[in-house]
Amino acid sequence: MTTMISLSEAIRKTLEMTSRLPVESVPLSEASGRILAEEVATDIDMPPFDKSSMDGFALRAHDCAKLPATLEVAGQIPAGTYPDFQISKGQAAGIMTGAPMPDGADSVQQVEKTQSPTPTSVSILEPVRPGQNVARRGEIMTTGQRVLASGVRISAAVVGLLATVGKYQVQVYRRPTVAILVTGDELVGVDEIPGPGQIRNSNGYALCAQVLAAGAIAETMGVAADERDELREKIRIGLECDVLILSGGVSMGEYDFVAEALTELGTNIHYNKVRVKPGKPTVFGHRGDTLVFGLPGNPVSASTIFELIARPALRKMMGFAQFQNLQVEAVLDGEFVSKTNRAYFHPAHTCFRDGAYHTTPLQTTGSADIWAFARSNSYVIAPPEQDYFEVSQKVGVLFHGDSHPANCEEGSPA
Ligand code: AMP
Ligand code: MG
């Protein structure tokens, strides 16, 4: 049975079959990059006490009405201590950034605007407003206040906030385990010199890198020969993971047994051809809670279908609200022709310059051209109905999931 569907239909069907994974609890030190699965409230006021935001002198602003004002230094307050004295009229206390304000003082003058004629006196040289350079208790957040909603991505800044509010154990969505099984009798290890008719297994490594960059857990299963029994046995093991990603063996060749083996093992196949270039032979199915992606063997096709279809599914499983890679409009820095009536994703280099995205379609020999692909950080998108694109016109661009779109300076391979 052959079911050729459009790319958008393939993405829709895939996401429809994809569920967010259950919640798990992880230590804060491992929460970075995950999606928060609980609301978080603060258990303390922040700041927890009125504190100085400068190194200087805590004083009563009214005492500095006439300048210079010479005040008696009643003591010193380093950060991490709590003052056991108070400031009366005509007095000041040396205070460090982050240290608690002494009772009686209402403001801080920074040390640069003072002089200390003796160790026990200070001259204030510039006026001070009441409250100046003092951070009030609870001005950022107060005990019990909700500071994070469920569904937030835990960035480094969010990690800092979670630490501040004492959240050392965090509820997040589970990350999928992703088995990666590449197929092909011609494949040899990357540490080998390919013999006649052989090539190195690059997909196993590239797909592993993509799975990791997506934030999922990669379980590489090595190479399966183009042989029914071996393939079936390895697929049986791979189906134990949340996701099984295969590469190769999904076209119409004599030795393309992947779909057959999947079906024998009870996998429900939802489509096996997508109207997209590269990557027409693409299998998607599920068995129980496990999703299966059979990607084409050509390296650029395999990585591209991963970006277009598999990565969005992984993101949905991990609780992300946004599943797709970043897509923008860009100015085309070179003419571009699409000779296919499938949706065409052509490797391109895109960067942000002079207030707009600019994209350069890269010269490539096709979907085996891993060198051109490695120079790209994105794709120019040619819709099926359009074949010619002029220089300077606007085109759609889809970024690779692990590229940083703003960085024009990033080195690219020779
Ligand atoms: P297939 O989809 O199995 O017909 O393979 C299509 C092309 O991709 C063939 O030229 C394969 O040699 C190549 N290929 C398949 N698997 C890999 C892999 N793991 N690494 C690099 N190239 C591959
Ligand atoms: Mg093959």
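The values are calculated or read from the model by the stated rules, or taken from the named source; none is laboratory data. Everything numeric here is computed off the predicted structure, so don't read it as measured data. So basically every Cβ, Gly included, is an ideal-geometry build from the backbone, and we count neighbours across all protein chains shown.
Points worth noting:
- Taking strands (runs of 3 or more DSSP E) as the structural unit, those lying wholly within the range 57-134 and holding at least 1 residues that are closer than 25 Å to PRO47 by Cα correspond to 69-77, 91-95, 107-110.
- Unique match (being in a loop (DSSP other than H, G, I, E, B) and farther than 17 Å from ILE5 by Cβ) among GLU230, GLU219, GLU254: GLU254
- The range 138-187, subset within 16 Å of ligand 2 (Cβ to nearest atom) and in contact with a helix residue (DSSP H, G or I) (Cβ under 6 Å, 6 or more places away or on another chain), residue nearest to ASP226 (Cα to Cα): VAL182
- Residue in the range 19-26 that is at negative phi, loosely packed, with under 13 Cβ neighbours inside 10 Å and assigned to a strand (DSSP E or B) present: yes
- Boolean, THR70 is of a type in the set (Ser, Thr, Tyr) and out of contact with any strand residue (DSSP E or B) (no Cβ under 7 Å at 6 or more places or on another chain): no
- Test set (1) within 16 Å of ligand 1 (Cβ to nearest atom); (2) within 28 Å of VAL283 (Cα to Cα); (3) not hydroxyl-bearing (Ser, Thr, Tyr) - ARG175 fails condition number: (1)
- For LYS167, the conditions (1) surrounded by fewer than 21 Cβ atoms within 10 Å (Cβ to Cβ); (2) within 30 Å of ASP45 (Cβ to Cβ) are fulfilled apart from (1).
- Scanning the range 265-278 for residues that are free of Cβ contacts under 8 Å to residues at least 60 places away in the same chain and either within 15 Å of ligand 2 (Cβ to nearest atom) or out of contact with any strand residue (DSSP E or B) (no Cβ under 6 Å at 6 or more places or on another chain) (or both) returns a single hit, LEU265.
- The condition (being modelled with pLDDT of 95 or more and exposed (fewer than 15 other Cβ atoms within 10 Å of the Cβ)) is satisfied by just one residue among VAL380, VAL391, VAL397: VAL391.
- Candidates GLN86, GLN91 - the one that is buried (at least 22 other Cβ atoms within 10 Å of the Cβ) and more than 44 Å from the chain's Cα centre (by Cα): GLN91
- Residue match in the range 208-221 (condition: out of contact with any Leu (no Cβ under 8 Å at 6 or more places or on another chain) and over 29 Å from ILE35 (Cα atoms)): no
- Against the test of being among the polar types (S, T, N, Q) and either within 16 Å of ligand 1 (Cβ to nearest atom) or in contact with a His (Cβ under 7 Å, 6 or more places away or on another chain) (or both), the options THR183, THR120 yield a single qualifying residue, THR183.
For (1) basic (Lys, Arg); (2) more than 30 Å from PHE399 (Cβ to Cβ); (3) more than 16 Å from ligand 2 (Cβ to nearest atom), each residue gets a yes or a no:
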{"site": "GLY249", "(1), (2), (3)": "no, no, no"}
{"site": "GLU260", "(1), (2), (3)": "no, yes, no"}
{"site": "THR263", "(1), (2), (3)": "no, yes, yes"}
{"site": "VAL292", "(1), (2), (3)": "no, no, yes"}
{"site": "SER301", "(1), (2), (3)": "no, no, no"}
{"site": "ILE305", "(1), (2), (3)": "no, no, no"}
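- Residue check for THR364: surrounded by 14 or more Cβ atoms within 10 Å (Cβ to Cβ) and over 27 Å from CYS208 (Cβ atoms): no
- Single condition ILE245 does not satisfy, out of (1) part of a strand (DSSP E or B); (2) near ligand 1 (Cβ under 10 Å from one of its atoms); (3) not hydroxyl-bearing (Ser, Thr, Tyr): (2)
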